[in-house]
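First comes the structure, then the notes that go with it.
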Ligand code: ASP
């Protein structure tokens, strides 16, 4: 058994957290490759190291100096190193880091130092070798991960090592400079390493015991999800369920490596297992795995008789949104109708009316209408495909609550039913769906 473990910011926040992590690793010899985030908040009013590093960069560019802010970084790492009584000369490393940040004047390099410093300390504390992510993680000339090249590098670099600590969040770009993933990207690093060493499990250690069926702010007693497939997770995290970076599934998906979301503060909890479809084996009978959603969408509703027989109609509509560089979330359609669902944030500053006018000019619809303040809610579960009556149960529950559904979209995979409701019905809608499928 071989496990890759990634520990998030709250799991690395102070010396006590480092000790907790060491215990978790020592309790299972298969936990061999460790990926770390930068220290996160120790309490609600604290600052994440990564946020402070971005501020250091801004200070440096604006005023030419960032030493005042760097003092906070220095203090946090020195304190951790001192309390752990490690032999590493952290002051010397911090001095060098401060010099390098000054010389390079690069946002990604600056931000990456949180993970770098954290991994150096963790490696020393565990007595494992430190292997820098720049030796393995490569981005291509478009700034995207060069997955196959990276995979080879990971394989070769870690081959023959029993253990290693690797900093998350960054790698090297085409020109040899440090480049970071988007925020929360250490999850991706963990997945890349798991793929490269062909791990049996990728353990992602955080501060919650896995995913809940829905947001506990809406349903405080929401049940936790024991098993979820990669595809279900994709749908849910795209719709706003956080915990894991949305892109972290891809590297492990290729090798069918399960991801286990675990809680550093309650290691005895099973957490959530994210698994490939074929491993699901009907672990439980739940029809709906999770419910997630997002507020603030705009729907552009277009009606034209005989739309379906007009060749190129949809393309001409979509060419307008493409021209404005807008992302379209959904395109539900009927015989003579087509709707575009877009995030409202992109349509500010008169863009919405420009888009509507241009669609009017391009396709001469009989009727075009804008519906604003829409929330999208995804009810996800691959169990839905096997069962009849799921939609009836869902829509019946909403009707009972007097919720007006403004849009419905179900892909033919039957994995996900997406509905659009008014923003003010968002919470009520999630609660009604939860109750319909989970209330005993
Ligand atoms: N430290 C980085 C961030 O705060 C990356 C990570 O934690 O995964 O986004």
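The values are calculated or read from the model by the stated rules, or taken from the named source; none is laboratory data. This one's a predicted model, so the numbers in the text were calculated from it and none came from an experiment. Cβ: placed from backbone, ideal geometry, glycine included. Neighbour counts: every protein chain shown.
Mind listing whichever residues of the stretch 385-405 are surrounded by 19 or more Cβ atoms within 10 Å (Cβ to Cβ) and more than 26 Å from residue 342 (Cα to Cα)?
390, 397
Going by the structure shown, is residue 199 in contact with a strand residue (DSSP E or B) (Cβ under 9 Å, 6 or more places away or on another chain), away from the ligand (no atom under 16 Å from the Cβ) and closer than 24 Å to residue 22 by Cα?
Criteria met by residue 199.
Let's see how each residue does on (1) in a helix (DSSP H, G or I); (2) in contact with a helix residue (DSSP H, G or I) (Cβ under 7 Å, 6 or more places away or on another chain):
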site	(1), (2)
355	yes, yes
362	yes, yes
368	no, yes
375	no, yes
378	no, yes
383	yes, no
424	yes, no
429	yes, yes
434	yes, no
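Could you identify the single residue in 115, 100 that is out of contact with any strand residue (DSSP E or B) (no Cβ under 7 Å at 6 or more places or on another chain) and either farther than 27 Å from residue 26 by Cβ or within 16 Å of the ligand (Cβ to nearest atom) (or both)?
None of the others qualify; the one that does is 100.
Collect the residues in the stretch 43-90 that are closer than 20 Å to residue 125 by Cα and within 16 Å of the ligand (Cβ to nearest atom), keeping them in residue-number order.
Answer for the stretch 43-90, where residues must be closer than 20 Å to residue 125 by Cα and within 16 Å of the ligand (Cβ to nearest atom): 49, 73, 76, 77, 80.
What are the residue pairs meeting all of these: first residue in the stretch 161-184, first residue at positive phi, second residue part of a loop (DSSP other than H, G, I, E, B) and at pLDDT below 95, Cβ atoms under 7 Å, and 6 or more apart or on different chains?
184/245
Any idea how many residues of the stretch 59-69 are surrounded by 14 or more Cβ atoms within 10 Å (Cβ to Cβ) and either outside any helix (DSSP H, G or I) or under 28 Å from the mean Cα position of the chain (by Cα) (or both)?
Looking only at that region, the number is 1.
Can you go through 190, 184 and tell me which one is surrounded by fewer than 22 Cβ atoms within 10 Å (Cβ to Cβ), within 14 Å of the ligand (Cβ to nearest atom) and modelled with pLDDT of 90 or more?
Unique residue meeting the criteria: 184.
If residue 214 meets every condition in (1) touching a strand residue (DSSP E or B) at 6+ places or on another chain (Cβ under 7 Å); (2) outside any helix (DSSP H, G or I); (3) more than 16 Å from the ligand (Cβ to nearest atom); (4) at pLDDT 95 or above apart from one, which number is that one?
Of (1) touching a strand residue (DSSP E or B) at 6+ places or on another chain (Cβ under 7 Å); (2) outside any helix (DSSP H, G or I); (3) more than 16 Å from the ligand (Cβ to nearest atom); (4) at pLDDT 95 or above, only one is false for residue 214: (4).
What are the residues in the stretch 23-42 that are surrounded by 16 or more Cβ atoms within 10 Å (Cβ to Cβ) and either more than 12 Å from the ligand (Cβ to nearest atom) or in a strand (DSSP E or B) (or both), if any?
Residues satisfying the conditions are 24, 25, 31, 32, 33, 34, 35, 36.
Residue by residue through the stretch 154-178, note down the ones that are more than 13 Å from the ligand (Cβ to nearest atom), under 20 Å from residue 104 (Cα atoms) and not in a loop (DSSP other than H, G, I, E, B).
172, 178
Looking only at residues that are out of contact with any strand residue (DSSP E or B) (no Cβ under 6 Å at 6 or more places or on another chain) and either surrounded by fewer than 18 Cβ atoms within 10 Å (Cβ to Cβ) or at pLDDT 90 or above (or both) in the stretch 232-242, which one is nearest to residue 276 (Cα to Cα)?
Here the answer is 238.
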